[in-house]
1. Compute the separation of the alpha-carbon centres of the range 1-38 and the range 237-272 and state it in Å as a whole number.
2. Assuming R0 = 22 Å, can you tell me the calculated FRET efficiency for the pair D77 and A169, based on Cβ-Cβ distance, to the nearest 0.05?
3. Could you tell me which of the pairs K80/K123; K159/K280; K150/K280; K251/K280; K150/K257 are separated by over 25 angstrom between their Cα atoms in the structure shown?
4. Each residue of the range 238-249 in turn: what ³J(HN,Hα) in whole Hz from Karplus with 6.51, -1.76, 1.60 and θ = phi - 60°, glycine and Pro shown as x?
5. Looking at the P(r) of the range 22-126, how many percent of alpha-carbon pairs lie beyond 23 Å?
6. What distance in nm lies between label points placed 7 Å from Cα along the C-beta direction at N59 and V187?
7. Within a 10 angstrom radius of the beta carbon, how do S62, S178, S188 rank from fewest other beta carbons to most?
8. Beta carbons within 10 angstrom, averaged per residue: use that to sort the peptides 169-176, 12-19, 255-262, 120-127, highest first.
Amino acid sequence: MDFQVWDFPGQIDFLDNPNFDIDAVFGEIGALIWVIDAQDDYLEAVSRLNGTILYLQRNYPSINIEVFIHKVDGLSDDYKLDIQRDITIRIQDELSDEGFENAPVTFHLTSIYNHSIFEAFSKVIQKLVPRLGQLEAMLTNLCRTCRFEKAYLFDVLSKIYIATDSAPADMASYEICSDYIDVIIDVSMVYGSWSRSKAHRDRLEGPPWSQRLEDQVAVSFAESHIVVNEGLRPIMLREVDRYLALVAIMKEGSYEKMPLVNMNVDVVAKGLTEFFEVTKRGK
């Protein structure tokens, strides 16, 4: 999967500006993310967004419109919902008046001070993943077979999950898994690989092993477990490839069946690798 993000200032009126190639801007994108500052006067931003949505619905109806109602961390829960309701009504009323009742518009409450921004981006990305249903089915079967509470397929660098099982997602489980990835990355920075001189590599790759240094490993993937004190629920992390990791929240007592769990997780990890290889060839 190859995702690109273009940062485009919302205050620029590109629809009426002949200097912009509209087809170059919107011709190949899958989603438009429009960020609205919840702590500022958002009426002008909503008006511009309405104009943009109407244009896209007439010319590029397949584009998903994702509205991030941002900076909600300092607001009360009731006020957040009031703002979201107000923005939603203003946009839906305008679209309904123009005959676009079913426009693909989704609203997200976000903040950089918690995991809500990652949760929102995850939901945006999932709509763009080809054959997402197959990924979800694989993770759902894994959870049922191994009695996992929840399983996520994470992009390790961004902490965005591109797929999860069919069980309802909650912020608490996502935060635990995301923080666990941070711990693994921090530890790998301390104990990970480092540059070796040629003379040192020659000595390590010489007798008695006579193998390349990369081949002198016990396993070809990374795996880790940790037990969460509350409820004694283990968390399992299994590397899929360089950028993806399968993270699952297990149930209490799962360590008793770890050989079976490891076997099933290994099968799913290999299946995920084959899935992305097939998807890549199909492009």
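Since every read-out is calculated from the coordinates, none of them should be taken as a lab result. Just so you know, these numbers come straight off a predicted model, no measurement behind them. Cβ coordinates were reconstructed from backbone atoms using ideal geometry, including for glycine residues, and neighbour counts include every protein chain displayed.
1. Going from one Cα centre to the other spans 39 Å.
2. In this case the efficiency is close to 0.70.
3. Values: K80/K123 20 Å; K159/K280 22 Å; K150/K280 27 Å; K251/K280 35 Å; K150/K257 17 Å.
Over 25 Å apart, Cα to Cα: K150/K280; K251/K280.
4. Per residue, the Karplus-derived 3J(HN,Hα) values read 10, 5, 9, 8, 5, 10, 10, 9, 8, 10, 9, 9 Hz.
5. Working: 1489 of 5460 pairs.
Of the Cα pairs, 27 percent sit more than 23 Å apart.
6. Distance between label points: 5.2 nm.
7. S62, S188, S178
8. 120-127, 169-176, 255-262, 12-19
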